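Undergrad: This is the structure I have questions about; it appears just below.
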Amino acid sequence: MNLAEWLVRTAKRHADQPALLLGEDQVATYAEFALHAAQVGASLRSRSRVGPGDRVAIFMKNSPAYLELLYGIWFCGAVVVPINAKLHAREAAYIIEDSGCRVVFVSGESDLPALLPTECSLYDLEKGPAFEPDGEALAAPIARHGDDLAWLFYTSGTTGKPKGVMLSNANLQAMTYAYFVDVDEVLAEDAAVYAAPLSHGAGLYNFMHVLRGSRHVVPASGGFDAAELCALAPRLGNVTMFAAPTMINRLLAAARQTGYAGEGLRTIVYGGGPMYLADIEAATALFGARFVQIYGQGECPMALTALPRADVMDRRHPRWRERLASVGTAQSCVRIRIAGPDGEEKAAGEIGEIIASGSPVMKGYWNNPDATAQSLRDGWLWTGDMGSLDEDGYLTLRDRSKDVIISGGTNIYPREVEEALLTHPAVLEVSVIGRPSVEWGEEVVAVVVPAGPEAPSASELDAHCRTQIASFKRPKAYFFESELPKNNYGKVLKTTLRRRFSSF
Ligand code: AMP
């Protein structure tokens, strides 16, 4: 089924309901949203001969028009290639060329045109809309099958070149239905606020809100601004949004300054990176029962596990803290196992690689059979994440397999050391990595961003670690930095840190 059918269905039932907003200002009703998408689809077909299966890129910051483009591309049966607006034009050009895009939508981008393949046309939304306001509109979405490609998403690539993850209509439908079952209810009165990039998971979270006829809101700043959000949420009401853990920490800092206590905010779905126990405890202390965690990856989008609101808040449960530190249980559309290197299943409590199978798992990597064969084996997706399942099915994530430190033959999981250091009040952020050691093979070092102008001393942090973790896991050295290197999605670049600190 074509995903644009969902928009058409809602537009018929709730034609006059507000659909797209910029800040508090309504930009389109559902009838207008669906009409514009049908016009984008017609224009793509007539101007650029885009048809079923053709790839069309969007290299733009968040805006209400972004959502019209998504549905316009699907309307004519084509495949969306979302590109993070923060990427360099050369990185975007690589994705456009690799995916063989016919068309790319930009908004005032400067360096890209010179880098584009000749067969690719560019539409700049700053120079004019993506459709003729009175122009032709497609009568209905072009028929598509569940297995047809809908979303070709390039992985953030903390190492090597990004790979194109092929997601089908059926993959995205499974992810959407599981949201209603495992993550949260969705109401017509909701306002889905897109503070995180629409090119990533936040964009995939539009479907539930289209199905229910909720409002889609792009903040006036076009992105994440904590102070703006504190002011906007009470005015919109029923706000639901996806946020990476760093965004939540910044929102909390702003809330503490302004006295904001979560008014107007219904749900924050967090994930995409580790949420440390100390941080989620602080978040719930300030905002209460507003948090749900998900664990996913491009290859199984937003749909590996979920830790629902009730679990986050269930302080009376004897293992509440353990559960809060986990990423929850498998979503209803996937099976999750912990595997040893040869695929043997590990018992409860044992650490191994997290593998998953089920309807949201990608079809494979675009034009990359080797990488596909490595990731998809015997019907299982090898996530590259290490973790363990407890007796009740709660999954605790350790680290990416390549980030595990092997010191003296023992595995040390950086996240555990990071969790320990973050409970020290003078530590704002920390990343723990391994560096080569003649004696141990690798040894643990910590790169710390201090919370205030005075960095804590290494001996003070060492003493703190002694009270929290086994002695052999303690960092052998500390480095103090004003910030950590992060990729465009806010993930810490451990490869950069390893390069920088391995020879000290
Ligand atoms: P991406 O494919 O860019 O979305 O990155 C996915 C990776 O982010 C996963 O494989 C995990 O390593 C990490 N990740 C996603 N969700 C979580 C979470 N809730 N907690 C910790 N790490 C996460």
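Undergrad: If you take the beta carbon distance between VAL438 and ALA278 as r and set R0 to 22 Å, what does 1/(1 + (r/R0)^6) give as a FRET efficiency, to the nearest 0.05? Please report the intermediate quantities before stating the final value.
TA: Numbers: r = 35 Å, r/R0 = 1.58.
Computed FRET efficiency for VAL438 and ALA278 comes out at 0.05.
Undergrad: Ratio of segment 228-319's C-alpha Rg to 2.2 N^0.38 Å, to two decimals?
TA: Values: Rg = 13.2 Å, N = 92, 2.2 N^0.38 = 12.3 Å.
Cα Rg divided by the expected 2.2 N^0.38 Å: 1.08.
Undergrad: Rounded to the nearest 10 Å², what accessible area does TRP366 have for a 1.4 Å probe in the complete protein model?
TA: The accessible area comes out at roughly 40 Å².
Undergrad: Just the accessible area for TYR489, please: 1.4 Å probe, Å², rounded to the nearest 10?
TA: We get 50 Å² for TYR489.
Undergrad: Moving to a separate point now. If the chain between ALA227 and ASP147 were fully stretched, how many nm would it gain, using 0.36 nm times the residue separation less the Cα-Cα distance?
TA: On the way: separation 80, 0.36 × 80 = 28.80 nm, distance 4.23 nm.
Going from the current span to full extension adds 24.6 nm.
Undergrad: For the residue pair ARG47 and HIS317, what label-to-label distance in nm results when each label sits 7 Å from Cα along the Cα-to-beta-carbon direction?
TA: Distance between label points: 5.1 nm.
Undergrad: Label point 7 Å out from ALA253 along Cα-to-Cβ: which residues of segment 413-448 have amide N under 19 Å?
TA: Zone members listed by number: 419, 421-432, 447-448.
Undergrad: Taking 7 Å along the Cα-to-C-beta vector as the label spot, tell me the LYS127-SER357 distance in nanometres, rounded to one decimal.
TA: With each label placed 7 Å out from Cα toward Cβ, I get 5.1 nm.
Undergrad: Next up: Under the rule a/c < 1.5 gives rounded, and otherwise a/b versus b/c splits prolate from oblate, where does segment 106-158 land using the Cα gyration tensor? Present the calculation step by step, with values, prior to reporting the outcome.
TA: On the way: a/c = 2.32, a/b = 1.09, b/c = 2.13.
Oblate is the answer for segment 106-158, as a/c is 1.5 or above yet b/c matches or exceeds a/b.
Undergrad: What's the whole-number percent of alpha carbon pairs in segment 406-503 lying beyond 18 angstrom?
TA: Values: 2039 of 4753 pairs.
In whole percent, the long-distance tail amounts to 43.
Undergrad: At a Cα cut-off below 25 Å, give the lysines reachable from LYS86, other chains included and same-chain residues fewer than 8 away excluded.
TA: Straight-distance partners of LYS86: LYS61, LYS127, LYS161, LYS163, LYS486, LYS491, LYS494.
Undergrad: Still on this structure, I have one more. Percent of alpha carbon pairs in the chain separated by more than 40 Å?
TA: Numbers: 27419 of 126756 pairs.
For the chain, the fraction of Cα-Cα distances above 40 Å is 22 percent.
Undergrad: Grab the Cα-Cα distance for ASP25 and ASN367, subtract it from 0.36 nm times how many residues apart they are, and report the gain in nm with one decimal. Spell out each step's value before the answer.
TA: Working: separation 342, 0.36 × 342 = 123.12 nm, distance 4.24 nm.
Taking 0.36 nm per residue and subtracting the Cα distance, the gain is 118.9 nm.
Undergrad: Further question on the same structure: Treat every Asp and Glu Cβ in segment 1-156 as -1 and every Lys and Arg Cβ as +1, leave all other atoms uncharged, and give the resulting dipole magnitude about the Cα centre to the nearest 20 debye.
TA: Values: 13 positive and 20 negative charges, 61 e Å.
About 300 debye.
Undergrad: Moving to a separate point now. Find which of LEU172, ALA93, TRP320 sits farthest along the positive direction of the dipole of the chain, computed with +1 on the beta-carbon of Lys and Arg, -1 on that of Asp and Glu, about the Cα centre.
TA: ALA93
Undergrad: Using 20 Å as the cut-off for backbone N distance, which residues of segment 422-451 belong to the label zone defined by a point 7 Å from the Cα of GLU483 along Cα→Cβ?
TA: Residues 427-432, 447-451 qualify, since their backbone N sits under 20 Å from the label point.
Undergrad: Hey, if you put +1 on the Cβ of every Lys and Arg and -1 on every Asp and Glu Cβ in the chain, which of VAL40, ILE83, GLN26 ends up farthest toward the positive end of that dipole?
TA: The residue sitting most towards the positive pole is ILE83.
Undergrad: When only Cα pairs under 8 Å and 6 or more residues apart are kept, what is the percent relative contact order across the chain?
TA: Working: 1082 pairs, mean separation 52.7, N = 504.
Worked out over the chain, it gives 10 percent.
Undergrad: Now, a different point. Dipole of the chain, Cα-centred, from +1 at each Lys and Arg C-beta and -1 at each Asp and Glu C-beta, to the nearest 20 debye? Walk me through the numbers on the way to the answer.
TA: Details: 48 positive and 59 negative charges, 32 e Å.
Computed about the Cα centre, the dipole is about 160 debye.
The values are calculated or read from the model by the stated rules, or taken from the named source; none is laboratory data. All figures in this text were calculated on a predicted structure; none of them were measured in a lab. Ideal geometry is used to build each Cβ from the backbone, glycine not excepted, and the neighbour counts take in all protein chains shown. Calculation scope for accessible area: heavy atoms of the full protein, side chains included, ligands and nucleic acids excluded. Shrake-Rupley method; radii C 1.70, N 1.55, O 1.52, S 1.80 Å.
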